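Heads up, the thing below is written out as structure tokens.
The values are calculated or read from the model by the stated rules, or taken from the named source; none is laboratory data. Note that the structure is a prediction, hence the values are computed from the model and not measured. Cβ sites come from the backbone with ideal geometry, for glycine too, and all protein chains shown count toward neighbours.
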Amino acid sequence: MALIQWNAALSVNIAEIDAQHQRLVAMINELNDAMVQGRGKDVIGKIISGLATYTATHFATEERHLDRHGYPDSAAHKQEHRIFTTKVGEFKQGFDEGRLGLSVSVMNFLGDWLRSHIKGSDMNYSPFLNNKGLK
């Protein structure tokens, strides 16, 4: 069962970013499925590594657009990205070192953060970038 369902309420009306958000949703759902199915540490570790890498790629895409178009709240948006990246990095390191396991609370954090970030901060830049011609 999917932890997050993609729907129109998550769309920022920018095709490239929506596609990346859909991929992040799919990766979080894949990680949740692996946890629920009790898959091995190696499988889960690869999914976590892929999620961390893809998140960095996605954030770089967003930040490039924000900078290129002079988004006024760019610094605050980037700070949210840094905080999340740090938390995911700490989680990944703890998992890799065997100090931290994948749990429902970790999955809820990932899902809740992505949903709230898209529906909050990302929706704030959507009209601004749409008005700059980004669709």
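Counted as qualifying within region 35-135 are the helices (runs of 4 or more DSSP H) with 2 or more residues that are touching a residue at least 60 places away in the same chain (Cβ under 8 Å) and polar (S, T, N, Q), namely 123-131. Among the residues of region 56-94, the ones that are within 17 Å of Gln20 (Cβ to Cβ) and among the polar types (S, T, N, Q) come to 3 in all. Criterion first (out of contact with any Cys (no Cβ under 7 Å at 6 or more places or on another chain) and exposed (fewer than 12 other Cβ atoms within 10 Å of the Cβ)) does Arg99 satisfy it? Yes. Would you point out which residue out of Ile118, Ile83 is out of contact with any helix residue (DSSP H, G or I) (no Cβ under 7 Å at 6 or more places or on another chain), at pLDDT 90 or above and under 22 Å from Ile4 (Cβ atoms)? Answer to the selection: Ile83.
Checking each residue of region 1-20 against the condition of being outside any helix (DSSP H, G or I), modelled with pLDDT under 90 and farther than 24 Å from Gly94 by Cα gives at least one match.
Report the residue count in region 1-44 for those that are among the small types (Gly, Ala, Ser) and under 18 Å from Asn108 (Cα atoms). Final tally of qualifying residues: 4.
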